[in-house]
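Taken together, the values in this text are just the output of simple stated rules run on the coordinates, not laboratory data. Given the structure is predicted, the values throughout are model-derived calculations rather than measurements. So basically every Cβ, Gly included, is an ideal-geometry build from the backbone, and we count neighbours across all protein chains shown.
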Number of protein chains: 2
Amino acid sequence: MSKVVGILGGGQLGLMMILEGRKLGVKFLVHDEDPQAPALGASDGRYIGDSWMELVNRSDIVTFEFEHVNPSAIKMAEEDGKLRPGSLTIRLKQDKIIEKSFLRDNGFPTPSFMIINNVEDVNRAIRRFGRVVFKVPRGAYDGKGQYYVMNDDDANRVPREFPLLAEEFVDIHREVSVILVRSSDGHVLTYPVTENHHHNGILLYSISPARIDDETANNARELAIGLANTLDYVGVLTVEFFVTRNGEVLINEFAPRVHNSGHWTLMGAAVSQFENHIRAILGMPIGPTELLKPSAIVNMLGVPYGDDLIRRVLMIPGTSVWWYGKTKVKPRRKMGHVNIIANNMDELGRRINEVLGVVYGNEISRYIPPWDAVESNDSRHALTTINSS
Amino acid sequence: MSKVVGILGGGQLGLMMILEGRKLGVKFLVHDEDPQAPALGASDGRYIGDSWMELVNRSDIVTFEFEHVNPSAIKMAEEDGKLRPGSLTIRLKQDKIIEKSFLRDNGFPTPSFMIINNVEDVNRAIRRFGRVVFKVPRGAYDGKGQYYVMNDDDANRVPREFPLLAEEFVDIHREVSVILVRSSDGHVLTYPVTENHHHNGILLYSISPARIDDETANNARELAIGLANTLDYVGVLTVEFFVTRNGEVLINEFAPRVHNSGHWTLMGAAVSQFENHIRAILGMPIGPTELLKPSAIVNMLGVPYGDDLIRRVLMIPGTSVWWYGKTKVKPRRKMGHVNIIANNMDELGRRINEVLGVVYGNEISRYIPPWDAVESNDSRHALTTINSS
């Protein structure tokens, strides 16, 4: 009998798991609160609203495409022995203070940090680190809930809601990520290191291989493998790093799932991160993760579907398009991405620029405004992040 | 608005069109007589039995994954201006005599042939060619309906049902195919030439690039391009060739669709034959067809699904599995295929042998018996084909 995989969360990551995993003879069930979620339409069974219990019961293995899913569903799937990866990673990801403390306590290098419980701690962090990033520990993602204090004037912008995480601001040479897959018998394969570029705090494009030296790349890969082993992880794990100007490799955070920065594997690797995730959680052997050609992705954020847009992107050599089929367009929303391959890194860079030109023209900040421009509730606090490069 | 593609035929080729084409933001409707057809389950709309008219009405573009589909559906789709490729290719494929005559009349090299209308013609063909392949012109495929006369004793095995096509038996060095895609504005890209190996008349495995010299490969590619232009073709076209022992390149037949021998493009090319077919029929620019690594496929014919089978295949480095999810196993039936990549042709050959060993063990002819062993109606006539290599 072919296996049934239940996916908690129906976003584009779930959609790509289905389209890449079905070849293995797997059936997919999807749960999402939102009946318009893109993965539901590609699934073999849709579970909306409170019906997650039924999904868990009918699945052989349960996974998730987003770490903030219904905790009761996670608990039930784990008690039934069906959850891959395990709930430890989800508990760590609920709170940035817990995540960072776990990394430090297990000997992984991170930027220096402090836990901030009151206004005095805010000032103490500024005195200690000089330049500080304050982070809301819960519910922050894609640059949301981050406050950069680069000088004394910025200090009063830090929200008076505690606790906060205060991190030393590090001078970043590159932001990179390692996507790896770990099988149920502990075998690990890493994809080549990927270099990530953000706009207003959200991933805009990624390039693989990252333009860093081999020693730094191996260092990042080894740290990622070490973390996967520490977590006794099964499936695809993403580890994001800062490579500092003085050559340090620091873990910024991890994601217990397939990741936007690994979408290049859909075109530039023989087995994508999505297929490998499904193989690993089903206890199957994992497949080749080598890069076949220099690869990149460009996110299509906040842009509406258009036949002409797709056509103009595909006119650029070496491209393909993934359109997620979301019903509503919103600024910053991930509507799709472009895969790009090229014969060398220079050609890849030119193609990335061409794609950016076609997708955004000269108006990138209209499609990808800072958080404070789209979320009025946050506008008192949010700053444009300056980590974008 | 994203486009709606209607597929006539719900087999594995339709399934792969959907899984590879949905990324472009396309919705897929599928028609098949059989409610268990594998592509139906992956579609956005299922049309069973007589409901093809509704599918044509609701589709922007209609294509087919099998050339013997409902002629009324083809006619209606063409009259509505929605059919890609056009019906000419389907008309040519209804009858091997018409197909061969078209090729000859348009100057394409084929094995010499005669049209056989009576018993005297049978003897005349044997006198003229020596060794002859007699073919039933309609409803023959995968080695069915072919009768090899290699000596006088074989002559009485030729069915007394006329007309028949009689072809000179050629000494074959290699059987190869060219998969190409032609866009609506006449731009053509060919995938590298693929080498095909049969067992009892049905494709068992394919290797790309084919092990033939560059001149022969270019010759085949040019002939395929010429045929696509002659047909004013839009979409993926497959042309099958015999490369003879004296270096001639002869067209055996063509298929107006994606093809089993092009399944290696799912793993070994950046854009698969399926994605390129969908791009072309939607009037979008077509994508890169180069081979990224030496690639192969092995068909899984007549074998039942097994977790252990899939696991043992995936243990072989460089493999992936496509399982089609057909409900019923039959001898010779295409149940799935294995994709393989390797670093060089020797390694590829070893991996093909390992996959064959895992899938079939020592019992390949139990899973892939000759036609006469599975189709009692044909047992009077059918011979095991001897073109297998």
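Things worth noting here:
- Note: relative contact order over the stretch A:81-217, using C-alpha pairs below 8 Å and six or more positions apart, is 19 percent.
- Inter-copy spacing of A:R131 label points, which lie 7 Å from Cα along Cα→Cβ, given in nm from shortest upward: 7.8
- Charging the Cβ of each Asp and Glu at -1 and of each Lys and Arg at +1, and nothing else, the dipole of the protein assembly as shown about its Cα centre rounds to 660 debye.
- For chain A: relative contact order, % (alpha-carbon pairs under 8 angstrom, 6 or more apart): 15
- Per residue, the average separation of C-alpha pairs within less than 8 Å and at least 6 apart gives the stretch B:4-83 a relative contact order of 36 percent.
- Near the amide H of A:G6, within less than 5 Å, lie the amide hydrogens of A:L29, A:D60, A:I61, A:V62, A:T63, all on another chain or at least 5 residues away, with H placed in the peptide plane.
- Gyration tensor (alpha-carbon) shape descriptor, the stretch B:4-83, a/c threshold 1.5: oblate
- Residue-wise HN-Hα coupling along the stretch B:49-64, computed from phi with Karplus coefficients 6.51, -1.76, 1.60 (Hz; x: Gly, Pro): x, 8, 8, 4, 4, 5, 4, 4, 4, 8, 9, 7, 9, 10, 10, 9
- Prolate/oblate/rounded label for chain A (Cα gyration tensor, a/c 1.5): rounded
- The modelled label-to-label distance for the pair B:R91/B:S72, using points 7 Å beyond Cα in the direction of Cβ, is 2.1 nm.
- Note on chain A: GNM, Cα springs under 10 Å; of A:L203, A:L55, A:L19, the largest mean-square fluctuation is that of A:L19.
- Along chain B, the exposed loop sites are GluC sites (Glu not before Pro) outside DSSP states H, G, I, E and B with at most 11 other Cβ atoms within 10 Å, and the longest stretch free of them is B:162-362.
- Between the residues A:G357, A:V239, A:F102, the greatest Cα displacement towards the positive end of the dipole of chain A, with unit charges on the Cβ of Lys, Arg, Asp and Glu, is found for A:G357.
- Most fluctuating residue given options A:V69, A:V249, A:V258, as computed from a GNM of chain A linking Cα atoms under 10 Å: A:V69
- Phi-based couplings in Hz for the stretch A:88-96 (Karplus 6.51, -1.76, 1.60; Gly and Pro marked x): 3, 5, 5, 4, 5, 7, 5, 8, 5
- Approximate spin-label separation B:E222-A:D34, in nm, with each point projected 7 Å along Cα-to-Cβ: 5.5
- Assigned charges on the beta-carbon of Lys, Arg, Asp, Glu; the stretch A:1-70 dipole about Cα centre (debye): 400
- Coupling constants for the stretch A:346-356 follow from the phi torsions by the Karplus curve (6.51 cos²θ - 1.76 cosθ + 1.60, θ = phi - 60°), and in residue order they are 5, 5, 4, x, 5, 5, 4, 5, 5, 5, 4 Hz; glycine and proline get x.
- Scanning residues 5 or more positions from A:G283 or on other chains, those with amide H under 5 Å from its amide H are A:S184, with H placed 1.01 Å from N in the peptide plane.
- Angstrom value of the Kirkwood radius, inverse mean 1/r, which spans all Cα pairs in the stretch B:112-169: 11.0
- Beta bridges per DSSP, both residues in the protein assembly as shown: antiparallel share near 80 percent.
- Computed about its Cα centre, the charge dipole of chain B is approximately 560 debye, with only Lys, Arg, Asp and Glu carrying charge at their Cβ.
- Gap separating the Cα centres of the stretch B:324-352 and the stretch A:266-314, nearest whole Å: 23
- Per-bin percent of Cα-Cα distances, the stretch A:82-199 [5 Å]: 2, 10, 16, 19, 20, 14, 8, 5, 3, 1, 0
- Between A:R104 and B:S101, the simple spin-label model (points 7 angstrom out along Cα→Cβ) gives 8.5 nm.
- Candidate cross-link partners of B:K82 among the lysines, defined by an alpha-carbon separation under 18 Å and a same-chain spacing of 8 or more, comprise B:K3, B:K27.
- Of all segments of chain B bounded by trypsin sites (Lys or Arg not before Pro) found in a DSSP loop with no more than 16 other C-beta atoms within 10 Å, the longest spans B:1-130.
- Zone of B:D185's modelled label, taken as backbone nitrogen in the stretch B:1-32 under 20 Å from a point 7 Å along Cα→Cβ: B:3
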